[in-house]
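Here the structure is laid out as structure tokens; the discussion comes afterwards.
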Amino acid sequence: MARYNAMEEHFEEITVLDKPALFTGIRIERETVPKGLYLYEVRGDDDGGGDPVQIARGIMVNHFGSIITHEPIKLPPDGKGISGEIPASKEKGKGTGKIGGEARWQKRDLTLSRSCTQKP
């Protein structure tokens with residue numbers, strides 16, 4: 001599985017679990033995420049319908065994308081991550097649904113280095 005440098009990739013702004021985040025559809029190399037930011041991976045549904053169904057520290061199968069946050073996401077102690085419908089929106093407090101719906105994403109294209117100077 002190829003992983004990419006977070007500082008060289010482009011991200012879209014999202015809000016997930018009421019937290020601003022940056023999303024990319026690729027796997028990010030954890031060591032390239034700057035200190036103070038948090039990397040999580042998102043698993044897509046087993047049917048291949050494009051619905052994200054789990055957020056965890058790492059996803060091996062059905063990788064949907066990667067998210068980076070300024071605040072940690074509280075994961076269960078069992079290490080399995082958060083599963084089920086995950087509230088997400090393109091603007092904090094505006095609408096909810098499963099993470100990944102095209103209408104849920106902001107269309108502002110950012111690099112991580114640009115985002116580090118401002119919270120997403």
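Coordinate-derived values only; no laboratory data. Just so you know, these numbers come straight off a predicted model, no measurement behind them. Positions of Cβ are generated from backbone atoms using ideal geometry, with glycine treated the same way; all protein chains shown enter the neighbour counts.
So which residues in the range 32-57 are charged (D, E, K, R) and out of contact with any helix residue (DSSP H, G or I) (no Cβ under 9 Å at 6 or more places or on another chain), if there are any at all? Selection gives 35, 41, 43, 45, 46, 47, 51. Output yes when any residue across the range 66-82 is under 17 Å from residue 112 (Cβ atoms), more than 11 Å from the chain's Cα centre (by Cα) and hydroxyl-bearing (Ser, Thr, Tyr), and no when none is. There is no residue in the range 66-82 that is under 17 Å from residue 112 (Cβ atoms), more than 11 Å from the chain's Cα centre (by Cα) and hydroxyl-bearing (Ser, Thr, Tyr). No other residue among 20, 72, 34 is over 18 Å from residue 1 (Cα atoms) and part of a strand (DSSP E or B) apart from 20. Scanning the range 48-57 finds no residues that are in a loop (DSSP other than H, G, I, E, B) and among the β-branched types (Val, Ile, Thr). So, in the range 1-38, of the ones that are under 12 Å from the mean Cα position of the chain (by Cα) and of a type in the set (Ser, Thr, Tyr), which residue ends up surrounded by the fewest Cβ atoms within 10 Å (Cβ to Cβ)? Only one residue fits best here, namely 38.
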